[in-house]
Amino acid sequence: MAKKHKANQHPKTESTFDFSTLLTYCSEEEKEKFRQGLKEKSVSSLLWNSRHFPLNALLDSFPSLRRDSFDELCFYFDKDEDRLGKSLEHFAGGFYIMDHSSMVISKYIAPLLKKEFLSIDLCAAPGGKSIALDMRREDGLYLCNDISFERANEIVKNATRLHLDNILTLSLDPMRLELEEIFDLVILDAPCSGSGMLRKEKKMALDFSLEKVERLLPIQENLLEKAYELACKDGYIVYSTCAFSTQEDEEQIQKFLTKHSDIEILPIEKEEKMIEGVNHLGYHLIPGIYEGEGIYFILMKKTGGSKTNVEEVKYKKASLVENKKVITYKNKDYIVPRFYDAFSSLPFLSPGIKIYDDSPYPKCDFDHGYCKVATSLPLLSLSRSDALSYACGNEIKVEGKDDGLYIVSYEGLRLGLGKKVQNKLKNYLPKGLKGYYC
Ligand SMILES: C[S@@+](CC[C@H](N)C(=O)[O-])C[C@H]1O[C@@H](n2cnc3c(N)ncnc32)[C@H](O)[C@@H]1O
């Protein structure tokens, strides 16, 4: 039954909390910049998928993009002018829309990691932190987990759209992850009060309370312990929140350091606009001062523990398709990344890229995601107008090509599958994707 509002009760539309009181690590001048920044529009940015989408194609499509001076993969745009999330290039995986502050962490951690590292992201959905790192380091294996099944599904969709075939997706309570201390990197982007997002997500500001902060503290503390358990000797732990309060940030880290004498804080060459945390523990990115929303992050290294070498396990049950490893998981065939067998006992949501379409009456043998990695099918490159028409679900007129199955592409980005019969290309995009970008 719907709740009745009392006559004099109006739903709150503006938070009355003064968030600048949380910025104890800022000077008065910086707090004033923050208050002014809150009156401005949030900054929109994208992470360029440089492995798959040429720079000139990105800039031809969106000439008003402005590149960040520090991060070559970050471009700013005006979301009222360019609706990039609804563009063909987004559909095709040319970029990932992401707040600049959230991308920064990967920029710092990417050069530190050894070749072919193992990474686990405990609270990963929709995948941002791992995706940003994957865009810089394709040699890693990324285990991405999120407690929410619905949100974890978004990781699978994003990884497929962006042509990322080295991501294994899980949906478990991270505290129940029974894995050894084998990871070269543990990413903990912890559930938090979300105060840092107040400019972008008004609901966060309304939802904020000091009680909410208190409620989250033990969860963050336990997750940090889990991160410690999973990192190997000389492995890195990245802790981040989108919270301003030191309780969720520096104080958590201080407690963590007290428990573990083998954790080292890694200093970074910070940009001027980053604010150093209390007692040099991490960095705050503050809207109005930094180009992006509010983030706290710290890089750490675990110097103790043991070094388990995860050998590339022999793929006993695996066969090879197009030189890639293939396994059968829950009766479906997947192309899996290296090291998969080391984790094969985990209940994956997706252990890689599904090959065959298992819907009751598939139009095509192959699953849509397979088009992103297949090497045995020919590519059919379309003009922008034909690619748009294809993304809308239409048949395309094609001449001068043999009949058969094709991977339909635009500027190097793979859109989906299609079958040429006479002078027409039948559209094999799955129903859920068709027409979305029209
Ligand atoms: C800040 S978001 C993660 C954002 C993500 N890392 C990214 O960059 O796209 C935090 C995540 O924590 C998960 N979460 C919420 N409560 C949790 C809990 N009690 N334990 C573990 N994870 C939780 C949420 O489902 C959410 O996806």
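The values are calculated or read from the model by the stated rules, or taken from the named source; none is laboratory data. Source: prediction; values computed, not measured. Note: ideal-geometry Cβ built from the backbone for every residue, glycine included; neighbour counts use all protein chains shown. These accessible areas exclude ligands, DNA and RNA; they are computed on the full protein's heavy atoms, side chains included. Shrake-Rupley method; radii C 1.70, N 1.55, O 1.52, S 1.80 Å.
Can you pull out every residue in the range 225-261 that is among the small types (Gly, Ala, Ser), within 16 Å of the ligand (Cβ to nearest atom) and either at pLDDT below 95 or outside any loop (DSSP other than H, G, I, E, B) (or both)?
Looking only at the range 225-261, we keep the residues that are among the small types (Gly, Ala, Ser), and these are 227, 231, 235, 240, 243, 245, 261.
Checking which are within 16 Å of the ligand (Cβ to nearest atom) leaves us with 227, 240, 243, 245.
Across the range 225-261, the qualifying residues are ALA227, SER240.
Could you pull out the residue among ILE97, ILE105 that is open to solvent by 30 Å² or more (accessible area, probe 1.4 Å), within 16 Å of the ligand (Cβ to nearest atom) and touching a strand residue (DSSP E or B) at 6+ places or on another chain (Cβ under 6 Å)?
Within the list ILE97, ILE105, the selection yields ILE97.
Search the range 64-94 for residues being outside any helix (DSSP H, G or I) and touching a residue at least 60 places away in the same chain (Cβ under 8 Å), and hand back the single one that is surrounded by the fewest Cβ atoms within 10 Å (Cβ to Cβ). Full working, then the answer.
So the first thing to find is which residues in the range 64-94 are outside any helix (DSSP H, G or I), and the list is 64-83, 87, 92-94.
Checking which are touching a residue at least 60 places away in the same chain (Cβ under 8 Å) leaves us with 68, 70, 73, 76, 87, 92-94.
Values: ASP68: 17, PHE70: 12, LEU73: 21, TYR76: 16, SER87: 17, ALA92: 26, GLY93: 21, GLY94: 28.
In this case the residue turns out to be PHE70.
For the range 134-162: of the residues being out of contact with any Gly (no Cβ under 8 Å at 6 or more places or on another chain) and within 25 Å of SER409 (Cβ to Cβ), which is farthest from the ligand (Cβ to nearest atom)? If you could, list the steps in order and put the result at the bottom.
Let us first name the residues in the range 134-162 that are out of contact with any Gly (no Cβ under 8 Å at 6 or more places or on another chain), namely 135-143, 145-153, 156-157.
The next check asks that each one be within 25 Å of SER409 (Cβ to Cβ); those that pass are 135-139, 142, 156-157.
Details: MET135: 13, ARG136: 15, ARG137: 16, GLU138: 18, ASP139: 21, TYR142: 12, VAL156: 13, LYS157: 13 Å.
Across the range 134-162, the extreme among qualifying residues is ASP139.
Among the residues of the range 271-284 satisfying the criterion of being out of contact with any strand residue (DSSP E or B) (no Cβ under 6 Å at 6 or more places or on another chain) and more than 20 Å from CYS192 (Cβ to Cβ), which is least open to solvent (accessible area, probe 1.4 Å)?
Checked the range 271-284; the qualifying residue least open to solvent (accessible area, probe 1.4 Å) is GLU271.
Of (1) open to solvent by less than 10 Å² (accessible area, probe 1.4 Å); (2) touching a residue at least 60 places away in the same chain (Cβ under 8 Å); (3) more than 10 Å from the ligand (Cβ to nearest atom), ASP165 satisfies all except one. Which?
Failing condition for ASP165: (1).
Might you let me know whether the range 186-200 holds any residue that is farther than 17 Å from ALA125 by Cβ, within 13 Å of the ligand (Cβ to nearest atom), open to solvent by less than 10 Å² (accessible area, probe 1.4 Å) and in a helix (DSSP H, G or I)?
yes
Of (1) away from the ligand (no atom under 13 Å from the Cβ); (2) within 30 Å of ARG384 (Cα to Cα); (3) open to solvent by less than 10 Å² (accessible area, probe 1.4 Å), LEU118 satisfies all except one. Which?
Among (1) away from the ligand (no atom under 13 Å from the Cβ); (2) within 30 Å of ARG384 (Cα to Cα); (3) open to solvent by less than 10 Å² (accessible area, probe 1.4 Å), the lone unmet condition for LEU118 is (2).
When only residues in the range 287-322 that are modelled with pLDDT of 60 or more and charged (D, E, K, R) count, which is farthest from LEU224 (Cα to Cα)? If you could, list the steps in order and put the result at the bottom.
Here is the first cut: in the range 287-322, the ones modelled with pLDDT of 60 or more are 287-310.
Checking which are charged (D, E, K, R) leaves us with 291, 293, 301-302, 307.
Values: GLU291: 28, GLU293: 23, LYS301: 13, LYS302: 12, LYS307: 20 Å.
Among those residues, the one meeting the criterion is GLU291.
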